[in-house]
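Input: a single structure, listed below in structure tokens.
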Amino acid sequence: MRTEFIRRLHKLAEANPDLFLITGDLGFGVLGDFAKKFPRQYLNVGVAEQNMMGVAAGLALEGRRVFVYSIGNFPTLRCLEQIRNDVLYHRLNVKIVAIGGGFSYGQLGFSHHATEDLSILRSFPGMTVVSPGDLWEAAEATEAVFSRPGPCYLRLDKSSAGHTERPGEVFEIGKARQLRDGRDATLIVSGGILELALKAAETLDVEGIHCRVLSAHTVKPLDADALERASRETGGFVTIEEHVIDGGLGGAVAELCLEGRFPPAFFHRIGIRSDYPDVVGSQSFLRARCGMDLKAIRNAVAALVRGKARERGRAERAAK
Amino acid sequence: MDIAAYAKKIRIHALRMTSRGGSSHIASVFSMTDILAVLYGSVLRVDPKNAKWAERDRFILSKGHAGAGIYATLAERGFFPVSQLDTHYQDGSLLSGHVSHKGIPGVEFSTGSLGHGLSVAGGMAYSAKLDGKGHRVFVVLSDGECDEGSNWEAILFAAHHKLDNLVAIVDYNKIQSLASVSETLELEPFADKWKSFGWDVREVAGHDLKALNDTFERLPFSPERPSCVIAHTTKGKGVSFMENSVLWHYRTARGDEFEKALQELEKGAL
């Protein structure tokens with residue numbers, strides 16, 4: 001996703017002299033070409049994230065559209081108040097890009113796990129939160145957040161579902177993409193873990209459980225229409241995100257369904273329910289440890305769908 | 001413009017605003033009033049009838065808790081009606097305790113949490129350099145505010161990028177929220193700190209209007225270096241019982257205290 005991001009950024013920077021990229025001393029081997037090619041549109045502010053976000057606000061106040069690039073929690077939690085007071089309150093064109101969503105940097109340790117960013121950033125009024133699931137979405141989202149007025153957060157992941165786009169497909173912020181259809185359950189997914197959701201849906205299909213898969217690349221604003229349709233047309237919801245279960249994608253979906261009066265027949269969130277891991281490991285290792293690998297997703301969906309079928313059977317027998 | 005008269009009006013407005021509203025920080029307003037009067041009275045290139053004029057000098061009040069002071073300064077300068085000051089701190093008012101730009105012409109940036117203004121000003125000054133523009137960016141910070149580490153990030157940044165179009169003015173009244181600066185977190189040797197970070201520093205008597213004006217007229221103090229003015233001020237300046245008192249960081253002047261403060265300001269004895 002990082003490569004897709006920077007490739008698209010090159011194109012955008014060529015066409016838009018008001019595009020400006022700030023890094024907090026990260027991006028080795030990634031930003032070098034950009035820096036050489038666009039020296040007047042690039043700045044490494046050093047390891048100083050609070051100042052980084054303030055400087056971004058200053059540049060944006062003067063009319064630039066500013067990407068702020070760093071990894072993990074550094075461009076978000078480390079300078080959260082600058083995001084709130086300087087960027088959001090002033091409705092500035094600052095686009096925050098965090099590389100390493102979820103457990104992308106699993107082996108680097110808990111400091112580099114970005115696992116609360118979605119819930120925290122989506123709580124901010126005026127913030128757009130985008131977490132692409134495949135490479136095409138990552139590239140398109142880069143352009144979409146650039147074109148969208150106001151503050152945006154773009155969470156990029158090491159893993160991805162590869163390419164899931166259809167010929168001629170148009171990416172739109174706030175519009176979930178339906179990648180599979182099925183009646184038994186809807187898997188609502190954000191981030192690179194989309195790869196596992198799609199595989200789980202394939203496996204389940206063979207077992208006779210047919211899932212709709214929605215790539216909810218935009219966590220805020222959510223696609224209410226797609227969710228309402230899915231609630232009406234499918235058996236229930238399973239949300240999947242590489243993020244704590246509190247307040248992220250799953251929380252957002254639950255809020256929308258309950259307030260919108262279209263609660264799904266069953267609802268389950270797959271995400272991190274445990275404390276910070278005290279061991280390190282690859283992204284897939286940590287997913288497995290937190291109950292969100294392929295097997296865990298498949299089992300959770302199968303149990304929910306079959307449980308619902310059993311309940312229905314019991315109800316029908318009782319009625320007779 | 002009669003700067004002394006301007007400063008007097010700002011103080012009286014701020015006293016009335018905080019008294020009516022029951023808000024704090026009157027002493028923080030009084031310590032920086034003369035700085036604001038000199039800046040808006042003779043130094044800053046601004047146009048009250050065209051607040052967003054592209055070539056204006058930018059001003060950020062980073063010590064946003066002294067909001068009443070900048071509102072009064074801007075209103076007296078003609079950015080918005082003086083009568084609007086009466087709404088300060090009232091339900092539904094645009095004039096908050098900590099300065100906010102929304103709906104108020106002339107307020108460049110909203111602050112309130114300390115340690116934000118200088119970074120933003122650094123970004124604005126950097127942008128002006130990129131675009132080859134001649135305007136300057138001024139920031140007023142409090143001394144207690146310099147406890148915030150974010151300022152020191154910004155101080156590094158401005159020197160590294162040779163932002164000689166950036167001016168940081170510290171309202172060094174030596175008293176912060178609960179106690180004196182030296183009891184809380186010592187800043188001295190303060191000027192040396194700024195110098196060692198690469199800024200050109202001038203220290204000035206912060207209530208001497210001529211000295212302030214002369215100092216600002218020499219900006220930038222040297223090419224390719226950001227300028228710092230450490231203004232030695234008196235917290236609560238202008239009202240005898242408020243001067244150099246920790247109490248008046250938060251206390252509101254009401255009743256007799258208000259009347260006495262008003263009399264002293266009107267007489268202008270201090």
_Close pairs (7 angstrom Cβ cut-off, 6 or more residues apart or separate chains): touching a residue at least 24 places away in the same chain (Cβ under 8 Å) and surrounded by 12 or more Cβ atoms within 10 Å (Cβ to Cβ) in the range B:183-197, of a type in the set (D, E, K, R) and assigned to a helix (DSSP H, G or I) anywhere_ = B:L185/B:D147
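Could you please give the count of residues in the range A:89-112 that are in contact with a Pro (Cβ under 8 Å, 6 or more places away or on another chain) and within 11 Å of chain B (Cβ to nearest Cβ)?
Filtering the range A:89-112 down to residues in contact with a Pro (Cβ under 8 Å, 6 or more places away or on another chain) leaves A:91-98, A:110.
Within this subset, residues satisfying the condition of being within 11 Å of chain B (Cβ to nearest Cβ) are A:91-92, A:94.
Number satisfying all stated conditions: 3.
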*Answer with yes or no whether B:S127 is among the hydroxyl-bearing types (S, T, Y), assigned to a helix (DSSP H, G or I) and surrounded by 24 or more Cβ atoms within 10 Å (Cβ to Cβ).*
no
*Based on what the data block shows, is A:R183 closer than 24 Å to A:I209 by Cα and free of Cβ contacts under 8 Å to residues at least 60 places away in the same chain?*
yes
*Pairs, first facing chain A (nearest Cβ under 7 Å) and of a type outside the set (A, V, I, L, M) in the range B:117-144, second in a strand (DSSP E or B) and buried (at least 24 other Cβ atoms within 10 Å of the Cβ), C-beta under 7 Å, six or more apart*: B:G122/B:L166
*So, of the residues in the range B:23-49 that are touching a Lys or Arg at 6+ places or on another chain (Cβ under 8 Å) and part of a loop (DSSP other than H, G, I, E, B), which turns out to be modelled with the lowest pLDDT?*
B:S24
_Show the residue pairs meeting these rules: Cβ distance below 9 Å; 6+ apart or different chains; first residue within the range A:113-128 and of a type in the set (S, T, Y); second residue assigned to a helix (DSSP H, G or I) and surrounded by fewer than 20 Cβ atoms within 10 Å (Cβ to Cβ)._
none
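The values are calculated or read from the model by the stated rules, or taken from the named source; none is laboratory data. Owing to the predicted nature of the structure, the values given are computational and were not obtained by experimental measurement. So basically every Cβ, Gly included, is an ideal-geometry build from the backbone, and we count neighbours across all protein chains shown.
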